[in-house]
Amino acid sequence: MKRLLILGGTGDAVKLASQAMSLPGLEVITTLAGRTREPKAVAGAVRIGGFGGEAGLVEYLQTENIDLLIDATHPFAAQISGNAAGAATKVGIPRLMLIRPGWERLPSDNWIEVESIEGAVTAIPATAERIFLTIGRQQLAPFALLTDRWCLIRSIDPPDSSIPLPPGKLLLDRGPFSLEQECQLLRDYQIQAIVSKNSGGDATYAKIIAARELGLPVIMVQRSIVPDGDRVRDVLGAMKWLEERVTIIW
Ligand code: NAP
């Protein structure tokens, strides 16, 4: 048996684990950071929790005799991707990044593109009093500066109680969301601007279309630079990479 480690935390990682399980002679282990209270079911073995930085991941790869590593984490999970790149090089195993493409701005989009969450806070137009924050729950603290605005915060799990938040409302929900749902939400809460990460993928794209249709500005946080190395954009590409490596291994 050869052993594949998938660094998960995305829908693509879930799909990949399920498909990789069909390859004969391959054992599949997915690891999750443990941020989501009720993560989606994953095929194969699942390990939850951090490794303890790059050194911890090196030790895990060695002690668990991992042969192949696929980094299928979220495009904004930069720390673990950097650790994976360093650890795979040190251990000398093949590593692939599965990164879905970012959303592309259309001529009718009103995007304000920023490099960071902090940049998003200052880029919110002064005229926008009611903001929709769809950036997850971990990087909300900088928005606490917006004491004169009202923010609708949507996340899967509630933010940690120690995190300061701006005035507004918390909505616990998990995508995918339909265009109709998103348009209704934006109208119901009289939203005037949206803050989003450029996550890419279909599951949360409806809010971007809804903003386009309603003529709302989107403060779009751009991705950071990803490590060098083999890269594919979808599960199909990852399966091809895997099949080639599995064939070489045998
Ligand atoms: P991060 O900043 O890149 O990682 C922080 C630390 O969390 C890592 O150094 C690692 O701890 C641990 N970690 C992250 N992903 C892991 C995994 N798959 N398995 C085991 N440990 C992991 O990541 P993040 O932005 O906090 O995201 C955490 C997880 O949520 C990721 O798996 C990502 O795919 C998922 N996610 C993130 C976003 C987002 O917007 N950032 C959105 C949706 C889902 P150690 O250093 O101790 O190993």
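Peptide packing for 152-160, 1-9 was compared via the average number of neighbouring C-beta atoms within 10 Å per residue; ordered from the highest value, the list is 1-9, 152-160.
Modelled spin-label separation between Gln79 and Thr36, with each label point placed 7 Å from Cα along the Cα-to-Cβ direction: 1.9 nm.
Along the axis of the charge dipole computed for the chain (Cβ charges of +1 for Lys and Arg, -1 for Asp and Glu, origin at the Cα centre), the listed residues Gly11, Ile70, Ile93 are led at the positive end by Gly11. One equal scatterer on each Cα of the chain, no solvent, Debye formula: the resulting log10 I(q)/I(0) at q = 0.09, 0.15 Å⁻¹ is -0.44, -1.05.
Pairs Lys15/Lys197; Lys2/Lys197; Lys15/Lys207; Lys40/Lys207; Lys90/Lys197: which exceed 28 Å Cα-Cα? Kindly include the intermediate steps, with their values, before the conclusion.
On the way: Lys15/Lys197 22 Å; Lys2/Lys197 36 Å; Lys15/Lys207 23 Å; Lys40/Lys207 22 Å; Lys90/Lys197 31 Å.
Over 28 Å apart, Cα to Cα: Lys2/Lys197; Lys90/Lys197.
Only the Cβ atoms of Lys and Arg (+1) and of Asp and Glu (-1) were treated as charged; on that basis the dipole of the chain about its Cα centre amounts to roughly 220 debye. Taking all Cα-Cα distances within segment 111-221, those exceeding 18 Å account for 43%.
Distance in nm between label sites at Glu129 and Arg187, each 7 Å beyond Cα in the beta-carbon direction? About 2.1 nm separates the two model spin labels.
Each Cα pair under 8 Å and six or more residues apart adds its separation to the average, and for the chain the resulting relative contact order is 20 percent. How far, in nm, would the chain grow between Gln19 and Asn65 when pulled straight, counting 0.36 nm per residue and subtracting the alpha carbon separation? Contour length minus the Cα-Cα distance gives 14.4 nm. Taking only the alpha-carbon positions of segment 55-108 and ignoring solvent, what does the Debye formula give for the base-10 log of I(q)/I(0) at q = 0.13, 0.21, 0.22 Å⁻¹? Normalising to I(0) and taking log10 leaves -0.37, -0.75, -0.80.
Cα centroid separation, segment 6-60 to segment 112-140: 31 Å. Estimated from helical segments only, the mean residue ellipticity of the chain at 222 nm is -9000 deg cm²/dmol, where each DSSP H run of four or more residues counts as -39500 (n - 2.57).
FYI, it's all coordinate maths here, none of it is from the lab. Note that the structure is predicted; figures quoted are calculated from it, not measured. All Cβ positions, even for glycine, are placed from backbone atoms using ideal geometry, and neighbour counts span all protein chains on display.
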